[in-house]
Amino acid sequence: MGNHDKHVKNSYLMDPSMTVIPIGKSHITLSKNFSSEEYIINPRYTPGINLKDNLISSIESPIGCPPLHELLKPNASICLLVEDITRPGPKKEILTILITYLAKHGIKNNNITIIFARGLHRRHSRSEWIQMIGEKIVEQYRVMDHEPHDQSRLIFIGETSRGTPVEINKFVCESDLIIGVSYLGIHDFAGYTGGGKIILPGVASEKAIKKNHILSLDERSLPGIADGNPARMDMEEAAEILGYHFSINVPLNYRGEPVGVFSGHFVKAHRCGVPVTDEMYKIPLKDKAELVIVSAGGFPHDINLYQAERSIRYSSRVLVEGGTLILVADCIDGIGNRDMQKTIKDYRGDPDNIRDELLKDYSIGKWVAWDLLQNSEKYDIFIVSENLDPRVFSQTRIKIFQRIENALKLAYSKHGFSPKYLVIPYGNITLPWVPNCRLYKA
């Protein structure tokens with residue numbers, strides 16, 4: 001039914017006629033039973049662009065606000081917000097172009113502060129700063145990580161209509177001009193990355209982030225949905241209260257190449273870029289499937305279950321009730337999050353109990369576990385990995401397999417040997433959806 005092809009370098013450029021499931025830095029090739037191209041769901045390819053030309057054009061002719069040079073004043077303090085190491089994108093190239101542009105318009109080096117908008121993600125090392133934006137920039141400009149736990153570096157400036165305290169990085173609040181640079185991709189519950197998200201959670205307090213992220217429990221906070229998404233709306237309201245000035249949003253194709261630049265107002269420019277991301281990664285389907293075989297996309301997407309679970313979150317939406325989902329994920333680092341592991345290990349069959357806990361004390365790891373476990377109550381979830389301990393899942397309905405053949409055998413026993421299937425080789429970046437499905441109905 002399948003074979004493990006060892007020592008084959010994982011690549012987004014594999015022959016699309018092959019039914020290939022990446023796993024770690026290798027891959028699994030499925031049998032011809034799963035070779036119909038009609039049922040293999042891959043991201044669409046959009047060619048890359050000339051970044052410099054498109055970025056300059058975008059900031060000179062922005063969407064919904066004046067050109068960037070008109071916002072620059074003599075001796076103005078400029079805050080450049082950049083996403084952290086968990087987000088892809090050509091950060092060094094973009095900052096180099098931006099800094100050159102600012103210098104051309106009279107902004108001096110000592111008037112520029114670069115802040116990594118890491119939210120509650122871990123701190124970076126100096127070597128990681130250099131890796132992301134280059135040694136020259138790190139040495140010549142004031143560079144720092146956002147500190148969400150240090151109240152002395154935060155300022156309270158208001159509250160959103162949903163009750164989220166808008167506590168923002170002091171340097172950001174005190175800057176004359178805030179420019180944010182974001183990757184524009186699909187996001188788990190904020191709909192998309194980019195736009196106002198670089199403010200909240202990017203440079204907000206722990207308290208603000210946790211309050212906002214509780215909205216991830218709302219059934220309207222979905223991947224691939226921006227307008228009407230409570231989590232996204234709350235983020236954008238916080239950015240409005242701050243007075244976020246200029247947003248630069250860059251969608252990337254599956255090779256990591258920029259395919260467009262959408263600059264200007266943090267909502268209007270963002271929404272103009274969303275259809276470009278949708279065209280690549282949001283794949284409409286006619287019907288739901290009985291069996292979905294999904295890979296996170298290989299390393300680093302499947303470095304642990306904490307990262308790879310996103311593939312279940314996205315692809316489960318195209319499963320029929322009671323269907324079977326087989327996740328192929330190396331998980332070389334195991335589950336990868338303590339809160340997630342503890343929540344799974346302590347599970348006693350009722351995801352609503354975890355939801356109640358999240359409302360009292362939110363953590364991302366617990367939320368990822370809740371999402372996984374609630375899906376496991378609706379679907380049969382099988383995980384193919386040699387690095388997960390089945391004992392951790394003993395109180396759940398989730399089954400762990402070392403080989404895909406055994407997972408398929410059990411799926412066949414339920415659905416027969418010719419189930420209605422889908423294969424999704426890059427599940428962490430592909431959002432399949434059924435247009436008439438209630439969750440995604442416009």
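Only strands (runs of 3 or more DSSP E) whose full extent lies in segment 300-411 are considered here, and the ones with at least 1 residues that are closer than 23 Å to I283 by Cβ and out of contact with any Asp or Glu (no Cβ under 6 Å at 6 or more places or on another chain) are 319-328, 380-384. Can you pull out the residues in segment 213-270 that are of a type in the set (D, E, K, R) and under 21 Å from T164 (Cβ atoms)? Selection gives D218, E219, R220, D227, R232, D234, E236, E237, E240. Going through segment 306-325 one residue at a time, which ones are out of contact with any Leu (no Cβ under 7 Å at 6 or more places or on another chain) and at negative phi? Answer for segment 306-325, where residues must be out of contact with any Leu (no Cβ under 7 Å at 6 or more places or on another chain) and at negative phi: Y306, Q307, R310, R313, V320, E321. For residues that are aliphatic (A, V, I, L, M), closer than 30 Å to K420 by Cβ and in contact with an Asp or Glu (Cβ under 8 Å, 6 or more places away or on another chain), scanning just segment 23-70, find the one that is modelled with the lowest pLDDT. It comes out as I28. Taking segment 120-142 as the range and being within 24 Å of the chain's Cα centre (by Cα) and of a type in the set (V, I, T) as the test, the residues that pass are I130, I133. Criterion applied to E128, E167 was being farther than 26 Å from I59 by Cα and assigned to a strand (DSSP E or B), and the one residue passing it is E167. I need the full set of residues from segment 405-432 which are touching a Gly at 6+ places or on another chain (Cβ under 7 Å) and among the hydrophobic types (A, V, I, L, M, F, W, C), in order please. I429, L431 - these are the residues of segment 405-432 that are touching a Gly at 6+ places or on another chain (Cβ under 7 Å) and among the hydrophobic types (A, V, I, L, M, F, W, C).
Scanning segment 75-125 for residues that are surrounded by fewer than 20 Cβ atoms within 10 Å (Cβ to Cβ), free of Cβ contacts under 8 Å to residues at least 40 places away in the same chain and not in a helix (DSSP H, G or I) gives N75, T86, H105, G106, K108, H121, R122, R123, S125.
Listed here are the strands (runs of 3 or more DSSP E) enclosed by segment 226-298 that have at least 1 residues being small (G, A, S) and within 23 Å of C173 (Cβ to Cβ): 246-250, 262-264. Restricting attention to segment 324-359, the residues being farther than 19 Å from Q395 by Cβ, at pLDDT below 95 and of a type in the set (D, E, K, R) number 1.
Out of L154, L200, L177, L184, one residue alone is closer than 21 Å to H270 by Cα, more than 19 Å from the chain's Cα centre (by Cα) and not acidic (D, E). It is L177.
Considering only segment 175-186, I want to know if a residue exists there that is among the charged types (D, E, K, R) and more than 30 Å from P67 (Cβ to Cβ). Within segment 175-186, not a single residue is among the charged types (D, E, K, R) and more than 30 Å from P67 (Cβ to Cβ). So, in segment 126-159, of the ones that are aromatic (F, W, Y) and surrounded by 16 or more Cβ atoms within 10 Å (Cβ to Cβ), which residue ends up nearest to C79 (Cα to Cα)? So, considering only residues that are aromatic (F, W, Y) and surrounded by 16 or more Cβ atoms within 10 Å (Cβ to Cβ), the one nearest to C79 (Cα to Cα) is Y141.
The values are calculated or read from the model by the stated rules, or taken from the named source; none is laboratory data. Since this is a predicted model, take the numbers as computed values, not measurements. Positions of Cβ are backbone-derived with ideal geometry, glycine not excepted, and every protein chain shown enters the neighbour counts.
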